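See structure below.
The values are calculated or read from the model by the stated rules, or taken from the named source; none is laboratory data. Because the structure is predicted, anything quoted here is derived from the model rather than measured. Please note: Cβ atoms are built from the backbone with ideal geometry, for glycine as well, and neighbour counts cover all protein chains shown. Remember, those area values only see protein heavy atoms, side chains included, never the ligands or the DNA or RNA. Shrake-Rupley method; radii C 1.70, N 1.55, O 1.52, S 1.80 Å.
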Amino acid sequence: MQTDLRGRDLVSLQGWSNEEIETVLEVAARLKLERALGQPHPLLRDKVLAMLFFFSSTRTRASFEAGMAQLGGHAQFIESRTTQIAHGDTAHEIGEILGRYNDGIAIRNVDWGVGNRYIRDVAAASRVPVLNMQCEVCHPFQVLADLLTIREKLGDPRGRTITVSWAYAASYQKPLSVPQDLALLATRFGMNVRLVHPPEFRLMPEIVDQATENARRSGGSLELLDDFEAGMRGSDVVYAKSWGALMTAKDDAEGAAIAGQYTDWITDERRMAMAADEALYMHPLPADRGIEVADAVIDGPHSVVYDEAENRLHVQKAVMALTMR
Ligand code: CP
């Protein structure tokens, strides 16, 4: 166990060791149990977290805010569009100033080619920990919750197969951050990752290279496929969600047109039945119901989406308690 995490940023899990991640999962499990038992744990009494959103959220906002309250502190909800950021506040100024008012700064900025750089620039100027609530590259708190969920349901993930697949959605071009970070983290923990997508939906090549290296070190594997059903067969975890053709299309209209060629990429009961008998169905939500996934799957016996969403609360509390004390 590695407990010296006070003051650390969490911008990318690639900067955290496996031992540090194990500590987070252990603390998360403890806080989850204490909450179930009604035991208060005011580990961050009088501390304040600034939550700066450049993009909409349901789970991330609600779980960080609830988590800070349960830890005895407070969370400020700040939207970029109602601040002076649009009128010139720089990332450096945000880091300096919010860092003087608060004990932590959490940021969601998924703007393509901007978000990750912005969060790193705030972190460079901040005297308090900066936490990545999702950028265009990674979504560390989502995949920590995913790993905790997989461990709770399946035990040791080593040697298990996870299908990280693209699926069709009509709502919007979703970021690459979840499949990318999931491929990175699952390969670190010895899983056999099947990354499945039509050719136009490739991920960032440097992420695929890093996941390949992670797999080499852990004894896991990374396999790239473009056949949705081949990706499902015998899998232990079906994690099928949409993302945009962001590496291929020049704009949203072109991305939507490309996606429109693959409307049959829906996780339905027939396809779910191709996975292992006890396979998990996972999705970070929001999902395009009836388009990305059938109701019978997301509401069915394989689905763990609500446990997965709940675990966001516990892993975030763990990271805040470890870094913001
Ligand atoms: N999974 C997730 O990050 O959900 P929100 O976009 O609602 O925060």
* Asked: Mind checking the dipole of region 142-308: about its Cα centre, +1 per Lys or Arg Cβ, -1 per Asp or Glu Cβ, Debye to the nearest 20?
  -> 480
* Asked: For region 258-319 and region 194-256, what is the separation of their C-alpha centers, rounded to whole Å?
  -> 16
* **Rounded to the nearest 10 Å², the accessible area of K153 at probe 1.4 Å** => 90
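Can you tally the net charge around R158? Count Lys and Arg as +1, Asp and Glu as -1, for every other residue whose Cβ sits under 15 Å from the Cβ of R158. Before the final figure, lay out the partial values.
Details: positive: R151, K153, R160, R188, R216, R217; negative: E22, D156, D236.
Summing Lys and Arg as +1 and Asp and Glu as -1 gives +3.
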* Structure fact -> The farthest towards the positive end of the charge dipole of the chain, of the residues T212, W243, I258, given +1 on Cβ of Lys and Arg and -1 on Cβ of Asp and Glu, is T212
* Asked: Expressed as an acute angle from 0 to 90° and rounded to the nearest 10, what is the orientation of the C-alpha long axis of helix 177-188 relative to the principal long axis of the chain?
  -> 80
* Asked: Label points 7 Å out from Cα along the Cβ direction at R233 and E79: separation in nm?
  -> 4.8
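Given the -39500 (n - 2.57) contribution per DSSP H run of 4+ residues, what per-residue ellipticity at 222 nm results for the chain, rounded to the nearest 500 deg cm²/dmol?
Details: 12 runs with 134 residues, N = 325.
Helix-only estimate at 222 nm: -12500 deg cm²/dmol.
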* Asked: lysines near K47 by alpha-carbon distance under 23 Å, same-chain residues fewer than 8 away left out - which ones?
  -> K32, K317
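Determine the dipole magnitude for the chain: charges of +1 sit on the beta-carbon of Lys and Arg, -1 on that of Asp and Glu, nothing else is charged, the reference point is the Cα centre, and the result goes in debye to the nearest 20. Show your work: numbers first, answer last.
Values: 34 positive and 45 negative charges, 192 e Å.
Roughly 920 debye, rounded to the nearest 20.
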* Work from the charge dipole of the chain (Cβ charges, +1 for Lys and Arg, -1 for Asp and Glu, about the Cα centre) and give the residue of A50, L203, S177 farthest towards its positive end. => A50
* Asked: Out of A230, G190, V11, whose Cα points farthest toward the positive end of the dipole of the chain (charges: +1 Lys, Arg; -1 Asp, Glu; placed on Cβ)?
  -> V11
* Structure fact -> Carbon plus sulfur, as percent of the 1.4 Å-probe accessible area of region 142-308, comes to 48
* Within 10 Å, count the other beta carbons around each residue, average over each peptide in 258-264, 123-129, and list them highest first. => 123-129, 258-264
* Asked: Mind ordering 158-165, 103-110 by average Cβ neighbours within 10 Å, highest first?
  -> 103-110, 158-165
* Structure fact -> Everything considered on the Cα gyration tensor (a ≥ b ≥ c; rounded for a/c under 1.5, else prolate if a/b is larger than b/c, else oblate), region 142-308 must be described as oblate
* Which order do E278, E229 take by accessible area at a 1.4 Å probe, largest first? -> E278, E229
* Magnitude of the charge dipole, region 1-127, Cβ model with Lys/Arg +1 and Asp/Glu -1, debye to 20 -> 280
* Set of lysines near K174 by C-alpha distance (under 18 Å), chain-local residues within fewer than 8 positions excluded -> K241, K250
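Starting from the residue with the highest accessible area, list I266, I298 in decreasing order, probe 1.4 Å.
Numbers: I266 30, I298 5 Å².
Largest accessible area first, the residues go I266, I298.
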* Asked: So, by mean Cβ neighbours within 10 angstrom, what's the order for 47-56, 10-19 with the highest one leading?
  -> 47-56, 10-19
